[in-house]
Amino acid sequence: MVTRVPPEPFRIKMVEPVRVPDSDQRERALEAGHFNMFGLRGADVYIDLLTDSGTGAMSKQQWAAMMMGDEAYAGADSFFNLKKAVKEVLGFDHTIPTHQGRAAENVVFSALVKPGDVIPFNMPFDTTRGHVFNSGAVPAECVIDEAFDRANPHPFKGNIDIQKLDKALADNKGRVPFVMITITNNSGGGQPVSLKNLREASAVAKKHGVPLFLDAARMAENAWFIKNREEECRNMSVAEILKATMDTADAVTVSCKKDPLVNMGGLVACRTEEMYFKIVPKVILYEGFATYGGLAGRDLEALAVGLREMVDEQHLTHRIAQVRYLGELLEEGGVPCIQPIGGHAVFIDAGAFLPHIPQGLYPADVLSVEIYREGAVRGIGLGALAFEDVDEKTGERTFPKLELYRLAINRRTYTNSHMEYVAETIVNVFKRRESIRYGLELVYEPPVKGMKHFLAHLKPRDL
Ligand SMILES: *Cc1c(COP(=O)(O)O)cnc(C)c1O
């Protein structure tokens, strides 16, 4: 039985026309984009599920708030409105705006991380992983083993393994500037982290004298999952759970283009003045003065409203059900998806979808190409192309455990009929999967580690 999505808790006030490009146009677009989904133009895409980052629709309250934007370089009212919203919704005293999530990562990593350091994570997101390497540090991935088992229905597959974390902290004494937990775990399938797990991780970090950071792009979805899956939290509101989640952490970096419902924005928030003063000079260096961080006053206002809207339970219930609806339609058609269906996206197991394509020929990205070719739907491969590495000792390529293809659902943007079209398109590809007899190879690779999938030029190679 497929989930019944509750009716939309909004009505549509403005439309953005989209059209289906014909198959010639799609072929030309693939060639021009070097078979990389990041190389396609938006106008060549019908349903764009490349990312849920900055692609949602703002509310009329957010648009109205933008008119109240106070454009002062230092000390704008808009900054204080944002600071107040962060205090109210997340509980942190200190807020540093940035232009997006990776900018928040940049100021944190450049202020606190030095070469040779180790950062324990459940799993780092791709830009976060890029920043770890860019600082000369390495990530220590400590997610629970269940995260790598596609069919395992564990309710909190984003959890960090407390023993692995304890060991990483003990083995790297003096070299761990902070622990970072991603909620929900984007790279692992949009899977939530339980409040119990966050509390345990927080206690272990404290025992080792190391602060806990949350990469909190999808903190509201995570709180919704906690409410629905963690017995002790059933009677709490999502807003209360979110506060309790934040109470486990010393600081957060947030891509506000996700749950906080803005098209551009990010922030760092922390508890102590000491940490604030460590981080804030880097914002001035890279982003702008401490009270605007690369954003206009109007952006700060829209974000303050978005932070309050993101915990609306009708919004979250509708959103998460819509994502699940797409996942269930795909499963009904036989398409192997990561279980349970995540909060912001459906993750297809591309390795299982195209088992005859070796991981070194990027099956997740072949799947991206074929789904685009079939119906002008854009998702993104998150497999070897994004996460492969080279073993320093043997010089051999090492591959990630999961070869995934992600369909990220934009907030308040697409209807359920769009979801049905996407599912139909992908099921059609699934039916002809055995006739897909090629892989992709690199023609161009950028010189910066961790950036390959964004910028790669690829070309098909017959199996
Ligand atoms: C999107 C994202 C980021 C980076 O944020 P941007 O706003 O895209 O720069 C960091 N971490 C996670 C978990 C994300 O999903």
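Nothing in this text is a laboratory measurement; each read-out follows from the coordinates by a stated rule. Predicted model, so just to flag it, every value in this text is computed and none were measured. No Cβ is skipped: glycine too gets one built from the backbone with ideal geometry, and neighbour counts run over all protein chains shown.
Shape of the range 98-189 from its Cα gyration tensor (a ≥ b ≥ c, root eigenvalues): rounded if a/c is under 1.5, otherwise prolate when a/b > b/c, or oblate? Since a/c reaches 1.5 but b/c is at least a/b, the shape of the range 98-189 is classed as oblate. Under a straight-distance cross-link criterion of Cα-Cα below 28 Å, which lysines are reachable from Lys13, leaving out those fewer than 8 residues away in the same chain? Hits, sequence-local ones excluded: Lys60, Lys257, Lys258. Here, the range 362-418 is characterised by an Rg to Rh ratio of 1.15, where Rg is the alpha-carbon radius of gyration and Rh the Kirkwood radius.
Would you order Cys142, Cys256 from fewest to most other beta-carbon atoms within 10 Å of each residue's own beta-carbon?
Details: Cys142 23, Cys256 31.
Ranking Cys142, Cys256 by Cβ neighbours within 10 Å, fewest first, gives Cys142, Cys256.
Fraction of C-alpha pairs exceeding 17 angstrom in the range 333-463: 59 percent, rounded to a whole number. What's the local net charge at Gly297, with K and R +1, D and E -1, over the other residues with C-beta under 12 Å away? Neighbour charge sum, excluding Gly297 itself: -4.
Annotation: the antiparallel percentage among DSSP beta bridges lying fully within the chain is about 65. Taken along the Cα-to-beta-carbon direction at a fixed 7 Å, the label points for Thr413 and Ala32 span 2.1 nm.
Bridging of Lys207 to lysines at a Cα separation below 29 Å is possible for Lys87, Lys114, Lys157, Lys164, Lys167, Lys173, Lys196, Lys227, Lys243, Lys278, Lys282, once same-chain residues fewer than 8 apart are set aside.
Looking at the range 348-412, which GluC sites (Glu not before Pro) are DSSP coil and have at most 13 other C-beta atoms within 10 Å of their C-beta? It would help to have the intermediate numbers written out before the result.
On the way: sites: Glu370, Glu374, Glu388, Glu392, Glu396, Glu403; in loops: Glu388, Glu392, Glu396, Glu403.
Hits after loop and neighbour filter: Glu392, Glu396.
Per q in 0.17, 0.20, 0.21, 0.22 1/Å, what log10 I(q)/I(0) does a Debye calculation on the alpha-carbon atoms of the range 1-116 return? These q points yield log10 I(q)/I(0) values of -1.12, -1.18, -1.22, -1.26.
How much length is gained if the chain between Glu71 and Asp391 is pulled fully straight, taking 0.36 nm per residue apart and subtracting their Cα-Cα distance, in nm to one decimal? Roughly 110.2 nm would be gained on extension. Does the range 283-409 come out rounded, prolate or oblate by the C-alpha gyration tensor, with a ≥ b ≥ c the root eigenvalues, rounded set by a/c under 1.5 and, if not, prolate when a/b is larger than b/c and oblate if not? Oblate. If both residues of a DSSP beta bridge must be in the range 60-309, then about 50% of such bridges are antiparallel. When Lys and Arg each count +1 and Asp and Glu each count -1, what net charge do the other residues less than 10 Å away from Cys142, Cβ to Cβ, add up to? Neighbourhood net charge equals -1. Using equal-weight Cα scatterers in the Debye expression, the normalised intensity of the chain in log10 at q = 0.06, 0.13, 0.14 Å⁻¹ is -0.24, -1.25, -1.45. Note on the range 363-387 and the range 1-78: Cα centroid distance 19 Å, given to the nearest whole angstrom. P(r) tail for the range 195-253: Cα pairs beyond 15 Å make up 47% of the total.
Centroid-to-centroid, using Cα positions, the range 424-444 and the range 254-313 are 40 Å apart.
Local charge for Pro177 was computed over the other residues whose Cβ lies under 12 Å away, with Lys and Arg +1 and Asp and Glu -1, and equals +1. Neighbour counts of C-beta atoms inside 10 Å place Phe430, Phe277 in the sequence Phe277, Phe430, starting with the fewest.
For His208, His418, His356, the sequence from fewest to most other C-beta atoms within 10 Å is His356, His208, His418.
Share of Cα-Cα pairs in the range 60-309 beyond 32 Å, in percent? It would help to have the intermediate numbers written out before the result.
Numbers: 5338 of 31125 pairs.
I get 17 percent for the Cα pairs in the range 60-309 exceeding 32 Å.
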